[in-house]
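Asks: After the structure tokens below, expect a handful of questions from me.
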DNA sequence: CTCCTAAGTCATCAATTGATGTCATCGAAT
DNA sequence: ATTCGATGACATCAATTGATGACTTAGGAG
């Protein structure tokens, strides 16, 4: 699996050094991000991550401290580029729905439905989840005078996450295969309804 | 489920026989039903099941053939009392939402979001899922002239299952603690929206 | 009461998995 | 070229978990 045979020796800047801790770290982080999104934390083994990254799995412990801390690192990276997100914004919906058909929700969103063993991780992801999705939506509902803003926000997040998870799981065939824009129409109907009681 | 007592050695009375294969089988089945709903298949160990049932875990292999077949038995029992269910019916929603606060979806519904390792189990639960929930809803949509009936039905099931899962996971506090009837109002808004294209 | 089968208990196995330690090797600085 | 710290490969450990088989015992048949 050491297929990463990049330019042997280029100029001064070494983009393809055979030994590069930073690069190995990145490869592990990327592989873990994918696998955690596809299968979740429990069903992803460190050996799987190492194999997909093309890096020895033992380096997970060295560079991150362990599988759990690697998950936290993935979560932090995921949080980095996603600021507080309005779940009712169409662009945001499209971004969360994602382009890749066979991939579940990211670590933070996933935390809404699948609790984590380690309470530290659970609290951290929950905090992110509320900060980035639930609370903004709840405040928006409150601003608009929607009756039970907090509950409605949580229900909307749960429903949306369920759709993401189902799309990744493949159990619901048409949902898994649906074109993103086509799916977006239906999802918008659902989420708009959360904002419009009665 | 049957709320039978735990065997008491002191009573030599017939109803609490100390050795009763049928009873032990039932106890294991009930305990497994609870635990699978609470934690899902993977995170439930045979030892957990045995402990909650008050029965030696080794009997799982004897009476069911193994953990996987026990799951199938739970699924069959779950399918038994639930005929094809209209997800838009309020009583049905209430039944699926359940009374017990801290409990996730049953094995069949759960299969919509969490794929199973064993393809045999996956197919069986998927078949049940479609027969009992997706297809009836899809046909109803088609009957009512809703545009993309199949996709809308799958999205509705995914959203509803997400809510069930979130309620069981406890990550979304207000959703987990909400009164069933209160929650039902919000859920109805969502599901009705699936039937009414924007 | 005596037996004998079904029921239950227990020890243990094999596979998986996360983690750790050791050792070889690369590669940059001198 | 030499050296030495950083990097990675590999073997292995300990814990978990599903499963199996041998042994013990209850409890009804005769």
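Asks: Cut-off is 10 Å between beta-carbons; in what order do A:172, A:88 appear when sorted fewest neighbours first?
Replies: A:88, A:172
Asks: Using a label point 7 Å beyond Cα on the Cα-Cβ vector, give me the inter-copy distances for residue A:26 in nanometres, one decimal, shortest first.
Replies: Relative to the other copies, residue A:26 has label-point distances of 6.3 nm.
Asks: Given R₀ = 45 Å, what would the calculated FRET efficiency be for residue B:143 paired with residue B:43, taking r from the Cβ atoms and rounding to 0.05?
Replies: Numbers: r = 40 Å, r/R0 = 0.88.
After rounding, the FRET efficiency stands at 0.70.
Asks: Report, as an integer, the average count of C-beta atoms from other chains found within 10 Å of each Cβ along B:176-185.
Replies: Counting Cβ atoms of other protein chains within 10 Å of each residue's Cβ and averaging gives 2.
Asks: Pull out a ≥ b ≥ c, the square roots of the eigenvalues of the alpha-carbon gyration tensor of region A:82-198, then state rounded if a/c is under 1.5, prolate if not and a/b is larger than b/c, and oblate in the remaining case.
Replies: Oblate.
Asks: Report, to the nearest 10°, how far helix B:119-129 tilts away from the longest principal axis of the Cα atoms in chain B, using its own Cα long axis and a range of 0 to 90°.
Replies: For helix B:119-129, the angle is close to 60 degrees.
Asks: Per 0.36 nm of contour for each residue apart, how much would the distance between residue A:192 and residue A:177 grow if the chain were fully extended, relative to their Cα-Cα spacing?
Replies: The span from residue A:192 to residue A:177 would gain 3.1 nm if fully extended.
Asks: For label points placed 7 Å from Cα toward Cβ, what is the shortest-first list of nm distances from residue B:147 to its copies?
Replies: Those separations, rounded to one decimal, come out as 2.8 nm.
Asks: Taking R0 as 22 Å, what FRET efficiency do you get between residue B:100 and residue B:20 from their Cβ-Cβ distance, rounded to the nearest 0.05?
Replies: 0.20
Asks: Next up: On C-alpha positions alone, give me the angle between the axis of helix B:149-169 and the longest principal axis of chain B, in degrees, nearest 10.
Replies: Helix B:149-169 sits at roughly 50 degrees to that axis.
Asks: Applying 1/(1 + (r/R0)^6) with R0 = 22 Å to the Cβ-Cβ distance of residue B:117 and residue B:76, what FRET efficiency is obtained, to the nearest 0.05?
Replies: Details: r = 19 Å, r/R0 = 0.85.
Calculated transfer efficiency: 0.70.
Asks: log₁₀ I(q)/I(0) of the protein assembly as shown at q = 0.06, 0.11, 0.14 Å⁻¹, via Debye over equal Cα point scatterers, no solvent, to two decimals?
Replies: For the protein assembly as shown at q = 0.06, 0.11, 0.14 Å⁻¹, log10 I(q)/I(0) is -0.27, -0.84, -1.22.
Asks: Here's something else I'd like to know. Report, in degrees rounded to the nearest 10, the 0 to 90 angle that the Cα long axis of helix B:21-39 makes with the longest principal axis of chain B.
Replies: That helix lies at roughly 40 degrees to the long axis.
Asks: Ignore the peptide's own chain and count Cβ atoms of other chains within 10 Å of each Cβ in A:128-139; give me the average, rounded. Don't skip to the answer; put the middle values down first.
Replies: Numbers: counts 0, 2, 3, 0, 0, 0, 5, 0, 0, 0, 1, 0.
Mean partner-chain Cβ count within 10 Å for A:128-139: 1.
Asks: 7 Å along Cα→Cβ for the label point: how many nanometres lie between residue A:94 and each equivalent label in the other copies, listed shortest first?
Replies: 4.2
Asks: Quick one: what do you get for region A:19-81 if you divide its Cα Rg by 2.2 N^0.38 Å?
Replies: 0.98
Asks: Based on the alpha-carbon gyration tensor of chain A and its eigenvalue square roots a ≥ b ≥ c, which shape applies: rounded if a/c is under 1.5, prolate if not and a/b is larger than b/c, or oblate?
Replies: In terms of gyration-tensor shape, prolate.
Asks: Let me ask you something else. In percent, what relative contact order does chain A have, based on Cα pairs under 8 Å that are 6 or more apart in sequence?
Replies: After rounding, I find 19 percent.
Asks: Another question, then. Highest mean first, how do B:33-40, A:162-169, A:147-154 rank when packing is the count of other Cβ atoms within 10 Å averaged over residues?
Replies: Answer by packing, highest mean first, reads A:162-169, A:147-154, B:33-40.
A short reminder: the numbers here are calculations on the coordinates, not readings from a lab. All values reported here derive from a predicted model rather than from experimental measurement. Heads up, the Cβs are rebuilt from the backbone with ideal geometry, glycines too, and the neighbour counts pull from every protein chain shown.
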